[in-house]
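Q: Quick one: the structure is below, questions incoming.
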Amino acid sequence: MRVKCTVNGQPQEIDDVWEGESLLYALRERMGLPGSKNACEQGECGSCTVYLDGTPVCACLVAAGQAQDRDVVTVEGLASDDELHPVQQAFLDAGAVQCGFCTPGLLVATHDLLEREPHPSDPEIREALAGNLCRCTGYEKILDAVRQAATTAAQAKAGLE
Ligand code: FES
Ligand code: FES
C-alpha cells in the first residue's frame with residue numbers, strides 16, 4: 001500500500017507499506033527520521049511520541065496506514081532550521097538528558113503541555129508526563145526542564161508584548 005501524509009511540514013509518499021506496519025517503523029526506517037525512539041513497542045514508555053493531527057500519540061501503536069492524508073510532527077519537527085526549540089534547549093540546559101532514549105517523547109509531551117497550559121503546576125507537569133518513562137534521571141531534572149521551558153516561553157511572550 002502507498003501512504004501519503006505530511007511529516008514535519010513536508011509531503012511524503014511511502015510505498016510498499018505492509019499491513020500492520022507501525023508509523024514508528026515508517027518514520028525511522030523509511031523516512032530517515034530516527035528521533036522518535038523504539039523502546040517498548042507496546043505503548044508503555046512514550047519514547048515514540050509524535051503529533052498526529054496535533055494530538056500526541058505513541059507512534060508504535062499507530063499503523064502507518066492510519067497516517068494517510070494526515071499531518072505528522074516528530075521531535076525533529078519541533079526545531080526550526082538549525083535552532084533548537086526552547087523546550088529542547090531547556091532539556092539540555094537543565095541536564096535532563098542522560099541516555100536520551102526517553103527524551104524525544106518527553107520533548108513532544110512537554111511541547112504539547114505548554115501549548116495547552118503555559119504555566120503548569122508541578123502536579124500538572126507530572127500528570128502530563130506520566131506516560132513517558134525515564135530510567136536514568138529520576139525525573140527531577142526533567143521537571144526542572146519543563147519549568148525552565150515554561151519560564152523561557154513566558155519571558156519571550158512578555159518581550160513581544
Ligand atoms: S516505543 Fe512506543 S510507547 Fe514505547
Ligand atoms: S535519559 Fe535515559 S531513559 Fe531518560
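Values quoted throughout were computed directly from the atomic coordinates according to the rules given, and no laboratory measurement underlies them. Note that the structure is a prediction, hence the values are computed from the model and not measured. Note that each Cβ is placed from the backbone with ideal geometry, even for glycine, and that neighbours are counted across all protein chains shown.
Q: Only one of (1) more than 12 Å from ligand 1 (Cβ to nearest atom); (2) in a strand (DSSP E or B) is not met by D16, so which one is it?
A: Going through (1) more than 12 Å from ligand 1 (Cβ to nearest atom); (2) in a strand (DSSP E or B) one by one, D16 breaks only (2).
Q: When the stretch 21-41 is examined, which residues are found to be more than 6 Å from ligand 1 (Cβ to nearest atom), out of contact with any helix residue (DSSP H, G or I) (no Cβ under 6 Å at 6 or more places or on another chain) and in contact (Cβ under 8 Å) with a residue 12 or more places away in the chain?
A: Residues satisfying the conditions are S22, L24, Y25, L27, R30, M31.
Q: Give me the pairs: first residue in the stretch 1-14 and free of Cβ contacts under 8 Å to residues at least 60 places away in the same chain, second residue part of a strand (DSSP E or B) and exposed (fewer than 12 other Cβ atoms within 10 Å of the Cβ), beta-carbon distance under 8 Å, and six or more apart or on different chains, which are they?
A: Listed by first residue and then by second, the contacts come to R2/E13.
Q: Separate question: If I go through the stretch 88-109 residue by residue, how many of them are more than 16 Å from ligand 1 (Cβ to nearest atom) and either under 12 Å from A149 (Cα atoms) or buried (at least 20 other Cβ atoms within 10 Å of the Cβ) (or both)?
A: Residues flagged as more than 16 Å from ligand 1 (Cβ to nearest atom) and either under 12 Å from A149 (Cα atoms) or buried (at least 20 other Cβ atoms within 10 Å of the Cβ) (or both) within the stretch 88-109 amount to 9.
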